[in-house]
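Following: one structure in structure tokens, then a few remarks.
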Amino acid sequence: MKIDTQDYNDVTVVELQGELDADFTELLRNTITGVVERRRRGIVIDLNAVGFIDSKGLELLLWVRDYCNQNKSQLRLAGLDENCEKILEVTRLETEFERYGELTEAVKSFA
């Protein structure tokens with residue numbers, strides 16, 4: 001997995017590429033912790049280039065949601081493909097995250 005971050009005013013986009021699985025949860029956790037420590041108002045996780053999320057990846061997304069809430073930062077997910085949407089649906093997590101089809105929509109939602 002590859003992770004890039006980019007700031008847009010007080011929102012940080014965390015772009016993921018690859019599979020969100022157990023192998024990369026520590027890397028993403030460290031990235032999110034660093035972003036939140038910078039007191040960013042919002043975080044958008046861009047999942048446009050992610051085709052699979054395993055159980056550890058789902059646990060991590062729930063951790064990110066809770067960590068953001070505890071630190072007064074807001075989380076949005078953007079660009080989930082059909083497979084990832086289905087994974088959220090099957091696990092009944094689709095209502096746990098504010099999701100947007102496009103990255104620009106997610107970033108603009110903080111305005």
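Side notes on the structure shown:
- For residue 93, the criteria (1) among the hydrophobic types (A, V, I, L, M, F, W, C); (2) assigned to a helix (DSSP H, G or I); (3) surrounded by fewer than 17 Cβ atoms within 10 Å (Cβ to Cβ) hold in every case but one, which is (2).
- Matching residues in segment 67-90 - criterion: being in a helix (DSSP H, G or I) and closer than 25 Å to residue 34 by Cβ: 67, 68, 69, 70, 84
- Pick from segment 52-78, criterion in contact with a helix residue (DSSP H, G or I) (Cβ under 6 Å, 6 or more places away or on another chain) and of a type outside the set (Ser, Thr, Tyr), ranking: nearest to residue 1 (Cα to Cα): 53
- Count of residues meeting criterion [modelled with pLDDT of 95 or more and of a type in the set (Phe, Trp, Tyr)] in segment 74-98: 0
- Among residues that are touching a strand residue (DSSP E or B) at 6+ places or on another chain (Cβ under 9 Å) and of a type outside the set (Val, Ile, Thr), residue 22 is not included.
- All positions within segment 10-50 that are surrounded by fewer than 16 Cβ atoms within 10 Å (Cβ to Cβ), touching a Lys or Arg at 6+ places or on another chain (Cβ under 8 Å) and either within 15 Å of residue 79 (Cβ to Cβ) or among the aliphatic types (A, V, I, L, M) (or both): 17, 18, 22
- Selection within segment 46-66 - of a type in the set (Phe, Trp, Tyr) and assigned to a helix (DSSP H, G or I): 63
- Taking segment 39-52 as the range and being under 23 Å from residue 109 (Cβ atoms) and at pLDDT below 90 as the test, the residues that pass are 39, 40, 41.
- Any hit, segment 7-21, residues being within 12 Å of the chain's Cα centre (by Cα), of a type in the set (Gly, Ala, Ser) and assigned to a strand (DSSP E or B): no
- Considering only residues in segment 1-26 that are at pLDDT below 90 and of a type in the set (A, V, I, L, M), the one that is farthest from residue 65 (Cα to Cα) turns out to be 1.
The values are calculated or read from the model by the stated rules, or taken from the named source; none is laboratory data. Please read all numbers here as calculations on a predicted model, not as lab measurements. Glycine gets a Cβ as well: all are built from the backbone with ideal geometry, and neighbour counts include every protein chain shown.
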